[in-house]
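What follows is a short report on a single structure.
Please treat every number below as a calculation from the coordinates, not as lab data. What you see is a predicted model, and the numbers here were worked out from it, not measured in a lab. Neighbour counts run over all protein chains shown; Cβ positions are idealised from the backbone, glycine included.
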Amino acid sequence: MSSQSRRSFLQTSSVAATAGLLLSQFDQFAKAQASERVRVGIMGSGGRAMSLIHSFAANKSVEVVAIADLDANKLPKGLDAAEKLQGKRPRGESDFRKLIDDKSIDAMVIGTPDHWHAIPTILGCQAGKDVYVEKPDSHNIIEGMRMVAAMRKYKRVVQMGSQHRSTTRLQSAIEFVKTGALGRCVVAKAWESSKQGAIGFPPDGTPPAGVDYEMWMGPAPKRPFNINRFHGRWRWLYDYGTGDLGNDGVHRLDMAVAVLAAACEVQKDEPLGLPTHIFASGGKWYFNDAQEFPDTMQVNYEFGSGNVKDGKHPKLLTYEMRIWAPYNYLGESEGSALFGDQGYLVIGNTRWTAYDKGGRVLANGEGDGDEKPHVQNFIECIKSRAKPYCDLETVGHPASVLCHAGNISARVGRKLTLEAATETFVDDAEANALRGRTEWRKPWVLPEV
């Protein structure tokens, strides 16, 4: 690749041009006729759900019909936001099942805590609705597998909310990797080093007025109300979340997988697939608080079998978590990197840069992580029935399995061997017991598919 072609890479990239056209069309087209709009129901109205309300209500091809939230204190804010953007107020519901039962709703958007991803997704697929579900796809591996099974059986479009997949930044980085300028790539890395805060040890208390706490717990075990089990902090506890590996790490891992898979393609190696071995080390080594997941962690994912002598080329992906570190790593507080024998690539949240083996810049790109293109991609795929950028089966669930498997390895304290076909751990009953829940608390039993 000449220096001139490297400098002009972004201008000539077909991916960048296509994505740019998509954004231009998104901004210029007037609101579609009511009969042409995708009718959407949104589950949740705070945190990520509020962001999704803004992105879907602002979309020219969407009408947000209804929003469900079991917290009566948050629901009006979501309804107000949607009304302001689309000019029509959605109806509010306290029970998401009202949205599932509404035959006029085409698609469900799920912006809830991790433990409330699987059941609504499966029920939505069974009701003939397409689904946009936040990342990671589920609370555990079994739930994710059941979601994929429902998607397949009912032939639904399911997009996981790892919005970086739809950005010009990541797509142009993938195209650059496919030029082969980095040489043979064997190793990738993902990391989190942005500082998080401690959550302390607050005592149990009483749920706020207007909150259906029984439904909030859902399929998780019944526990007394605690602020650490509620808005924002739930992600650090085993019953509801997946730690920072599933919170932010899923983005970085997915970006690393995307460019490593592109390298496999150009090198004509076997497809990346799921890892064959996972080994996590680390723990609660920094914060003295009620968090159950590690705050310091390294996970090695080994892909492929065999060795170079028999024509196989295994790959290594390493994930590092230091959520107490107030400084960058490789120039980014959180990011991904791909290493080849001729150079390497670093991807952050707003840019990517490729370097040669002497440290000179080969190419670069920019672009934020705005989710609107990801929403637009989902809407277009609802109409075309094509696979979205973060298709649950081929992209979203495999990325989520990396998070679940890393957390499981950390909990059992040993290296795991994963059988990809069944997504089970070989000869490890303790690890396999953590692939799901001991039970899904009635009436919120995981639906059969």
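Numbers below:
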| item | result |
| --- | --- |
| Theoretical gain in end-to-end length, Val187 to Lys357 [0.36 nm per residue, Cα-Cα removed] | 59.7 nm |
| Segment Glu366-Asp204, extension gain: residue separation times 0.36 nm, minus the distance between their alpha carbons | 53.8 nm |
| Fully extended contour minus Cα-Cα distance, from Glu380 to Glu214, at 0.36 nm per residue | 56.1 nm |
| DSSP-loop chymotrypsin sites (Phe, Trp or Tyr not before Pro) across segment 291-362, with at most 14 other Cβ within 10 angstrom | Tyr327 |
| Built amide H within the under 5 Å cut-off of Phe96, gap 5+ | none |
| Integer Hz, Karplus 6.51/-1.76/1.60 couplings in order for segment 320-335, x for Gly and Pro | 10, 10, 9, 7, 10, 9, x, 8, 8, 10, 6, x, 10, 5, 8, x |
| Among Gly282, Gly413, Gly359: highest mean-square fluctuation, GNM of the chain, C-alpha pairs under 10 Å | Gly359 |
| Relative contact order, percent, the chain [alpha-carbon distance under 8 Å, six or more residues apart] | 19 percent |
| FRET efficiency for Ser281 and Lys88, using Cβ-Cβ distance with R0 set to 41 Å, rounded to 0.05 | 0.20 |
| Rg(Cα) / (2.2 N^0.38 Å) computed for the chain, rounded to two decimals | 0.97 |
| Kyte-Doolittle mean at least -0.5, axial Cα span of 20 Å or more - DSSP H helices of the chain | 14-28, 249-267, 397-412 |
